[in-house]
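Inspection log for the structure reproduced underneath, given as structure tokens.
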Amino acid sequence: MEQQLEELSKKANGELSSCEDAQALEAWRVAYIGRSGAVSELLRGIKDLSDEDKRVIGKNGNALRRELEERYQEKLHVLEKASSGRGVQATSYDLEAGVGHLHPLTLTMSRVHEIFASLGFIIADGPEVEEAKFNFDLLNIPAEHPARGEGDTFMVDPLSVNGAEGLVLRTQTSPMQIRSVEAMRLHPPFSVIAPGRVFRKEKVDATHESTFYQFEGLSVSETTSIADFKFIIETFFSTFFNAEVTIRLRPSYFPFVEPGFEVDMSCPFCKTGCKVCKYSKWIEVMGAGMVHPNVLKNMNIDPEKYQGFAFGGAIDRLAMIQYGINDIRLFWSGDVRFLRQFS
């Protein structure tokens, strides 16, 4: 397979040098480094190799992909520069389409930032391509957990995600629990909120997407309790929806918290039941719980002295509730008719 990589490199570089226009370059990109391109196709074939061969071929294959992507960008720059030097006819544009505006998900994200910042939370950001140890191991998610399978997770590095060196597209923003403490050298008491994009192998429908946005919260101190969590979350949702809401907690299981619970919010639009709450008067909004002692240890925080709560919710879900949107796919459709409603 190493020989195949070498041959693929020579062939790709040879054809790249012969690309003389943007159309030919785009065809080259699709053929070699696109989602179904030759590099991806070759790397899919290493699943049957030994662990050692997977490491070697995976590393070399990813290095080839990066090399070809860099050469593609260089070639694109050269073609664009050459094109700009030629005579270009003036083009008229219709400027009556209106001024641009922020996407509804961006508006919702900004609102989440604003409210949690006012509650004393630090805003954190982290990588979307994540190490398996941060996405799973350090969050107390065992190797046998179904979320670690290829059927649920987008693999970036072909190594098994059971290994500490594996790379995945993060399935949640929960890795920021560990990363933010390390990067900011936080010491209790502290509170952090980490909004961001996540990826899962979901079957896409009106309520599920393979790409969406989450916000992950973490608060740790010597006295932090479930009562503190309930107050923070009730304050957040009441402020976000500009209506007084109450919160109820239902027992649930998440590997990185103990105890864990599902969080329901009283409907901010009605008192007796409506279409938004499906006439139940309650809306499920997030999962949460008290941080598991193992996760605190992985943050180098003494679980005998400190405790904290963690929670995670979907920003897309908040936007759907806020704006009365019944299909999550509309956010990613690029349909101008949909987007114009948020100007």
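Using r as the Cβ-Cβ distance of E258 and V30, and R0 as 45 Å, what FRET efficiency do you calculate, to the nearest 0.05?
The computed FRET efficiency comes out at 0.40.
Can you give me the distance in nm between label points at Q4 and D125, each placed 7 Å from the Cα along the Cα-to-Cβ direction?
According to this spin-label approximation, the distance is 3.9 nm.
What is the sum of charges, Lys and Arg at +1 and Asp and Glu at -1, for the other residues whose Cβ falls under 14 Å from the Cβ of A288?
Once all neighbours under 14 Å are counted, the net charge is -4.
Spin-label point model (7 Å from Cα, Cβ direction): what's the T272 to R185 distance in nm?
With each label point 7 Å from Cα toward Cβ, the separation is 6.0 nm.
Give me, ordered by chain and number, the residues 5 or more places off H292 or on other chains with an amide H under 5 Å from its own placed amide H.
Here V257, E258 satisfy the definition.
On a 22 Å Cα-Cα criterion, which of the cross-link pairs K133/K305; K201/K278; K11/K59 come out too long?
In this structure, K133/K305; K201/K278 exceed 22 Å between Cα atoms.
Once you sort the root eigenvalues of the Cα gyration tensor of region 168-288 as a ≥ b ≥ c, which label holds: rounded (a/c under 1.5), prolate (a/b larger than b/c) or oblate (the other case)?
oblate
Using the Cα atoms of the chain, I'd like the radius of gyration and the largest Cα-Cα distance, Dmax, both in angstrom.
For the chain, the Cα radius of gyration and maximum Cα-Cα distance read 23.9, 72 Å.
Apply the membrane-span-like helix rule to the chain: whole DSSP H runs, Cα extent along the own long axis of at least 18 Å, mean Kyte-Doolittle hydropathy at least 0.5. List the helices found.
Values: long enough: 2-17 (23 Å, -1.32); 51-84 (49 Å, -1.39); 104-118 (21 Å, 0.47); 226-240 (21 Å, 1.08).
Span-like helices here: 226-240.
Among the lysines, select those whose C-alpha is under 24 Å from the C-alpha of K271, and discard any that sit fewer than 8 residues away in the same chain.
Within the straight-line cut-off, K271 pairs with K230, K281.
Please give the contour-minus-distance gain from L102 to N60: 0.36 nm per residue of separation, less the Cα-Cα distance, rounded to one decimal in nm.
Here the segment from L102 to N60 would lengthen by 11.1 nm.
Between S17 and A227, what FRET efficiency comes out of the Förster formula 1/(1 + (r/R0)^6) with R0 = 56 Å and r the beta carbon distance, rounded to 0.05?
0.25
If I model a spin label at F154 and E70 as a point 7 Å from the Cα along the Cα→Cβ vector, what separation in nanometres do I get?
Rounded to a tenth, the inter-label distance reads 2.4 nm.
Could you give the dipole magnitude of the chain about its Cα centre, charging the beta-carbon of Lys and Arg +1 and that of Asp and Glu -1, in debye to the nearest 20? Please report the intermediate quantities before stating the final value.
On the way: 38 positive and 48 negative charges, 165 e Å.
Around 800 debye, computed over the chain.
Tell me what the chain gives for mean residue ellipticity at 222 nm when only DSSP H runs of n ≥ 4 count, each as -39,500 (n - 2.57), the sum divided by the residue total, rounded to 500 deg cm²/dmol.
Helix contribution divided over all residues of the chain: -11500 deg cm²/dmol.
If amide H atoms are built 1.01 Å from N in the plane of the peptide, which residues on other chains or at least 5 residues away come under 5 Å of the amide H of V245?
S238
Can you tell me, using C-alpha contacts under 8 Å and at least 6 residues apart, the relative contact order of region 2-83 as a whole percent?
Relative CO of region 2-83 lands at 35 percent.
List the Cys residues of the chain that have no partner Cys with a C-beta closer than 4.7 Å.
C19, each lacking another Cys Cβ under 4.7 Å.
Once Rh for region 2-83 is found with the Kirkwood sum over Cα pairs, what is the Stokes-Einstein diffusion coefficient at 20 °C and 1.002 mPa s, in µm²/s?
Details: Rh = 13.3 Å.
Stokes-Einstein gives a translational diffusion coefficient of 161 µm²/s.
Which longest run of the chain has no exposed loop site in it, a site being GluC sites (Glu not before Pro) in a DSSP loop with at most 12 other beta carbons within 10 Å, and the site itself not part of the run?
21-143
Around V220, with a cut-off of 12 angstrom between Cβ atoms, what is the net charge of the other residues, counting Lys and Arg +1 and Asp and Glu -1?
Local net charge: -2.
Each value in this text was obtained by applying a stated rule to the coordinates, not by laboratory testing. Quick caveat: nothing in here was measured; it's all calculated off a predicted structure. Please note: Cβ atoms are built from the backbone with ideal geometry, for glycine as well, and neighbour counts cover all protein chains shown.
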